[in-house]
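Here is the structure we will look at, set down as structure tokens.
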Amino acid sequence: MKRMKTLVFTSKRECVIEIEGAYASISPDMPAAVPVVGRDELIFSVWPRRGSNGSELMLPSLGRVRFGVEGACCDSGVTVDWGDLTEIAIEPLSVALPCFGPVRHLSSMTLSSDHRRNELELYFDNGLRLAVSPQGAQPYSIALGEGREGRLFSYDAGNERLIAIEANTDAGQRLILLNERFETALDLRGDRALIEEGTPTVYESLGTVMGHEKRTRYELTGGGFKAGAPEVGFFTREPHEPVSDAERALELASELRLGLPGWNAFLRGGPLEEASAEELKDFFGEYDCELMYPAEEPAGLATIGLVKSGQSCVRPRKLEFSFDHGVITDVNEL
């Protein structure tokens, strides 16, 4: 009798998967399990439900899962071999649309210096552009690159007046600082990038369950901008408290890897309360990504996988966490 293989398809975006005429919806909270018997390969199609914004063209895509002696591997997604099942983490195909569209005025300002007066206009024309109209000279335009919306204003850094542009991009926000010669003094990108409290600041998500963010402020030092020490916290959002044992286990592994001070929150009051970060790090080993087990588990148990990212076919180190009313009581390698 041929062994049945179970594939679990997961996705961070809503989509529909089709396998030999059978359809299933997938979302971040709803994977699709597919039993497979006696097959060397399986072909599937994926249709995104919708784009995240109007700047993406969402396209159907094909994928192929091959079954070999060492397990399954997918040619169009990350394959995670959990041992008892195989997870196929698919990413619906999206293509960034070219920044075509009508020319749009976004913002304008006047920049006066000891040398001349410049009329500046920030506008959209297949990307961000800055029109410069110098007093008594021929106007010209500077291509600034990525961005669809933005605003233009002056920013004083030390004794120098800079041109500041805060722009929205497909991936987040961008802050551009230009000097009076229209040379780039600083170009920041992140979930948020802006002048905050008089300081260039960028916010980046750290990908934890609770939603930790890294905030970096830039100061003008020695003629250039230098990043200050990053701060970690919840600056633009409220923390999401883990609601399941699986989320608690994942959060512990993330905070331990990132070296965050609250990593032991789910150990307090339990038998592992006195465990040190160094002891747990030695036990967890080296990893740079945590994965949640994609199937239902018995109450009081949660399994996560620790992996090195950047691989298309991975076999995670599986850790099983035991819980008692939300407190971790034991951790075992499976």
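In this structure, the amide hydrogen of SER108, modeled 1.01 Å from its nitrogen in the peptide plane, lies closer than 5 angstrom to those of LEU122, LEU152, counting only residues at least 5 positions away or on a different chain. Distance between the C-alpha centres of the stretch 17-33 and the stretch 118-187: 45 Å, rounded to the whole angstrom. Neighbour counts of C-beta atoms inside 10 Å place GLU279, GLU238 in the sequence GLU238, GLU279, starting with the fewest. In terms of packing, defined here as the mean over residues of other Cβ atoms within 10 angstrom, the peptides 165-178, 11-24, 121-134 line up highest first as 165-178, 121-134, 11-24. Annotation for the stretch 216-303: trypsin sites (Lys or Arg not before Pro) lying in DSSP loop with at most 16 further Cβ atoms inside 10 Å of their Cβ are ARG237, ARG268. Cβ-to-Cβ counts within 10 Å put THR110, THR86 in ascending order as THR110, THR86, the fewest first. Between LEU301, ALA253, ASN264, the Cα set farthest toward the positive side of the dipole of the stretch 245-333 (charges on each charged residue's Cβ, about the Cα centre) is that of ALA253.
Please work out whether the stretch 104-233 counts as rounded, prolate or oblate from its C-alpha gyration tensor, where a ≥ b ≥ c are the square roots of the eigenvalues and a/c under 1.5 means rounded, while otherwise a/b larger than b/c means prolate and anything else oblate? Oblate shape, in that a/c is at least 1.5 and b/c is the bigger or equal ratio.
Among the GluC sites (Glu not before Pro) in the stretch 181-255, those located in a DSSP loop and surrounded by at most 16 other Cβ atoms within 10 Å of their own Cβ are GLU183, GLU197. Note that the chain carries a Kirkwood radius of 23.6 Å, evaluated over its alpha carbons pair by pair. In terms of the Cα gyration tensor, with a ≥ b ≥ c the square roots of its eigenvalues, is the stretch 245-333 rounded because a/c is under 1.5, prolate because a/b exceeds b/c, or oblate? Because a/c hits 1.5 or more and a/b fails to exceed b/c, the stretch 245-333 counts as oblate.
Read-outs: derived from the displayed coordinates by stated rules, not from any lab. All of these numbers come straight from a predicted model, not from anything done at the bench. Quick reminder, even Gly has a Cβ in these numbers, built from the backbone with ideal geometry, and neighbours come from all protein chains shown.
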